[in-house]
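What follows is a set of notes on a single structure, which appears directly below.
The values are calculated or read from the model by the stated rules, or taken from the named source; none is laboratory data. Computed from a prediction, not measured in an experiment: that's the story for all the values here. With ideal geometry, Cβ positions are generated from the backbone for all residues, glycine too; neighbour counts draw on all protein chains shown.
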Amino acid sequence: MISEHWNLSLSTHIIHTIMNEEVIKMGFSVSSPTYMYQSPSGYIFRIRIPNDLKAVVGKGEFRYSLRTGISRIAKHRANSIAAYLRQLFMDVRINVALFTKEKIQNLAKEYICKILANDECRRFQHAKIPDTKTANKEVASEADEIMMQVDQLNNSMGDFDSNSLLRNGRVQDILRKVKIFLGGVAGCNELVEKGLNLSSPKEPRQAVQGLSGSLKSGKNSVFTTVQKSYILEVEKGSNWTEKTKAENLSIFALFMRVVGDLPVEQVDRKVMTEYKSTLMQLPPNLNKGSKYEGKTVAEIIGTQPEKTITANTINKYIRRLSGLFNYAVRNGYMQSNPAEGLQIKRQKRADQERQEYTGEDLQNLFGSQEYMEGKHRHSYAYWTPLIALYSGCRLEEICQLHLEDIRQEQGVWVFDINDKGEKRLKNRSSERLIPIHPHLVELGILEHVNSLVDKGEGRLFPELQKRRDGYGQTVSKWFQRYKKRCGIKGCKTFHSFRHTFITHLKHKQVDPYMIHEIDGHAVDSETMGRYGKRYTPAILLENAISLINYDINVHMLTR
């Protein structure tokens with residue numbers, strides 16, 4: 001069926017070529033859509049450079065072959081290219097300082113190459129090989145277009161000596177060739193129905209095989225195509241929460257907004273370096289709100305935003321893109337990862353960037369009227385900061401706890417951090433058992449669990465509803481307001497409890513491997529990570545958890 005389809009497609013192309021050649025020989029010009037014209041070899045795209053930009057662009061027009069003799073395909077390609085170039089001209093006018101002749105011409109050339117390559121890939125990748133009748137309908141449609149050109153040609157003959165044309169045999173020659181072609185097409189269906197093997201030129205067959213091979217190896221795949229494949233693979237492994245997925249989609253969307261939907265093999269180090277440079281000039285939260293909606297990147301930079309994306313955020317964007325590019329390399333879409341090692345170097349060590357709570361901060365947080373007089377409106381407002389402070393758990397790990405996750409293991413009460421059911425963890429190392437600190441037991445955590453069991457509840461904080469970011473979104477917003485009321489300054493968040501907990505264990509000279517088991521970080525050593533047996537809850541309780549003693553009077557806290 002493939003060989004038959006190629007016979008028909010090739011024949012259609014041949015007759016278009018016949019028409020083009022004969023019309024040109026006769027001195028006629030058949031009207032063409034805007035931005036393209038016909039030549040003996042096929043359709044040519046052409047757009048004039050606006051007068052005010054000719055000096056900037058360095059030429060008077062862009063002209064490229066559309067690589068087809070089929071009018072409707074040429075129209076589609078020409079319209080796409082013209083739309084891009086018109087937008088490019090607008091961007092250049094808005095901020096001419098951002099563009100050089102070479103950059104403008106390279107942008108135009110890269111986009112045109114992308115359109116032509118991707119159009120061919122998509123046509124083959126998504127199109128079903130038609131059966132004989134469908135193929136004949138397609139060819140008939142092309143034949144109708146040919147006959148329209150013949151009619152147009154006949155209508156244009158009024159200004160010429162018809163007898164001269166007839167004597168020269170031009171019209172008859174065209175019609176003879178068209179008739180032969182249509183007669184050949186008409187016989188295709190009968191031959192196929194009889195089971196005869198239609199021969200096809202070697203070149204088209206090789207072209208199909210070559211295109212198929214390039215699709216398998218990932219060549220010419222645009223960023224959006226690779227992105228979709230990457231997301232499908234990650235989701236299949238259940239490695240992303242809804243929040244993480246939304247973040248990544250936003251990061252990928254911004255990348256395409258800056259550099260375009262390029263074939264991934266064209267995303268090289270230069271593209272990524274320019275992308276990073278552009279990020280440094282853009283405002284934060286660009287994809288949120290309507291302030292910058294409808295504006296080009298050049299227009300946004302031209303406003304000279306007061307605040308720009310922070311170095312940490314830029315590094316996060318590059319890390320997420322690097323993850324996608326690693327996938328692309330593994331699956332043959334790219335040769336190397338252009339984002340590797342491109343992050344902005346930190347001026348401070350990672351541990352110096354952490355914002356921990358000081359002793360004074362803890363006294364302010366847990367010496368408030370709410371804690372001293374038991375005026376918390378919700379149980380999460382009382383328990384979540386305390387659990388974070390004495391266990392090092394992440395916010396979402398705490399908020400999604402089920403009552404059955406607070407249990408005894410070998411005689412020790414533990415928080416069982418797991419991803420059973422709808423619960424989600426940051427990574428595989430996050431699954432762990434954390435001994436419950438004696439202070440939490442003294443404050444009544446076990447009695448609180450029992451009271452919820454008696455009420456028929458299933459979760460530790462049933463008042464929390466799951467949102468896009470999980471169960472912790474409500475607590476996070478509440479805590480931001482609460483810490484301000486307590487006079488806490490600096491960039492300290494709920495996550496700072498975790499930093500405080502880890503730092504406290506370090507100061508107590510707790511074994512680093514124990515700390516990793518408790519906080520859920522992956523162990524750096526391959527030997528310990530793969531072959532080292534986990535510590536028992538009793539050992540972790542005695543040699544780590546029980547050593548924690550903050551400068552707060554827990555006995556004064558009231559529920």
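Listed by position, the helices (runs of 4 or more DSSP H) contained in the range 245-341 that have at least 1 residues being closer than 25 Å to Leu85 by Cβ are 269-279, 297-302.
Can you find a residue in the range 100-111 that is in a helix (DSSP H, G or I), at pLDDT below 85 and touching a helix residue (DSSP H, G or I) at 6+ places or on another chain (Cβ under 6 Å)? Among the residues of the range 100-111, not one is in a helix (DSSP H, G or I), at pLDDT below 85 and touching a helix residue (DSSP H, G or I) at 6+ places or on another chain (Cβ under 6 Å), which makes the answer no.
Table: residues versus (1) touching a Lys or Arg at 6+ places or on another chain (Cβ under 9 Å); (2) more than 30 Å from Met556 (Cα to Cα); (3) of a type in the set (Lys, Arg).
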site	(1), (2), (3)
Arg407	no, no, yes
Lys423	no, yes, yes
Ser429	no, yes, no
Ile434	no, no, no
Pro438	no, no, no
Leu443	yes, no, no
Gln465	no, yes, no
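Need the failing condition index for Ile47 against (1) among the aliphatic types (A, V, I, L, M); (2) at pLDDT 50 or above; (3) more than 21 Å from Leu116 (Cα to Cα); (4) crowded, with 18+ Cβ neighbours inside 10 Å, just the number. Only one criterion is unmet by Ile47, namely (3).
Pick out the one residue from Phe494, Phe479 that is surrounded by 20 or more Cβ atoms within 10 Å (Cβ to Cβ), outside any helix (DSSP H, G or I) and assigned by TED's automatic domain parsing to the domain that holds Ile552. First the steps, then the outcome.
Values: Phe479 fails: outside any helix (DSSP H, G or I).
When all the criteria are applied, what remains is Phe494.
Within the range 67-88, at least one residue is of a type in the set (D, E, K, R), under 21 Å from Leu262 (Cβ atoms) and not in a helix (DSSP H, G or I). Only one entry in Asp268, Asp261 is within 18 Å of Lys114 (Cβ to Cβ) and either modelled with pLDDT of 90 or more or in the same structural domain as Lys103 (by TED's automatic domain parsing) (or both), namely Asp268. Filtering the range 445-458 to residues that are loosely packed, with under 15 Cβ neighbours inside 10 Å and of a type outside the set (A, V, I, L, M, F, W, C) leaves Glu447, Asn450, Ser451, Asp454, Lys455, Gly456, Gly458. The residue pairs whose first member lies in the range 302-318 and is closer than 13 Å to Asn285 by Cβ, whose second member is part of a helix (DSSP H, G or I) and at pLDDT below 95, and whose beta carbons are closer than 7 Å, counting only pairs six or more residues apart or on different chains, are Ile309/Leu279; Tyr317/Ile251; Tyr317/Leu279.
Being of a type outside the set (Val, Ile, Thr), under 28 Å from the mean Cα position of the chain (by Cα) and under 23 Å from Gln304 (Cβ atoms) is the filter here, so list the residues in the range 94-106 that pass it. So that I can check it myself, show each step before the final result.
First, pick out the residues of the range 94-106 that are of a type outside the set (Val, Ile, Thr): 95, 97-99, 101-103, 105-106.
Next, only the ones that are under 28 Å from the mean Cα position of the chain (by Cα) stay: 95, 98-99, 103, 105-106.
Across the range 94-106, the qualifying residues are Asn95, Leu98, Phe99, Lys103.
Would you point out the residue of the range 530-549, among those that are in a loop (DSSP other than H, G, I, E, B) and within 16 Å of Gln408 (Cα to Cα), that is modelled with the highest pLDDT? Filtering first and then ranking leaves Thr536. For the range 420-454, the tally of residues that are closer than 17 Å to Cys393 by Cα and of a type in the set (A, V, I, L, M) stands at 7. The set of residues from the range 225-245 being modelled with pLDDT of 90 or more and not hydrophobic (A, V, I, L, M, F, W, C) comprises Thr225, Gln227, Lys228, Ser229, Tyr230, Glu233.
With respect to (1) in contact (Cβ under 8 Å) with a residue 60 or more places away in the chain; (2) under 30 Å from Arg424 (Cβ atoms); (3) in contact with a helix residue (DSSP H, G or I) (Cβ under 6 Å, 6 or more places away or on another chain), the lone exception for Glu233 is condition (3).
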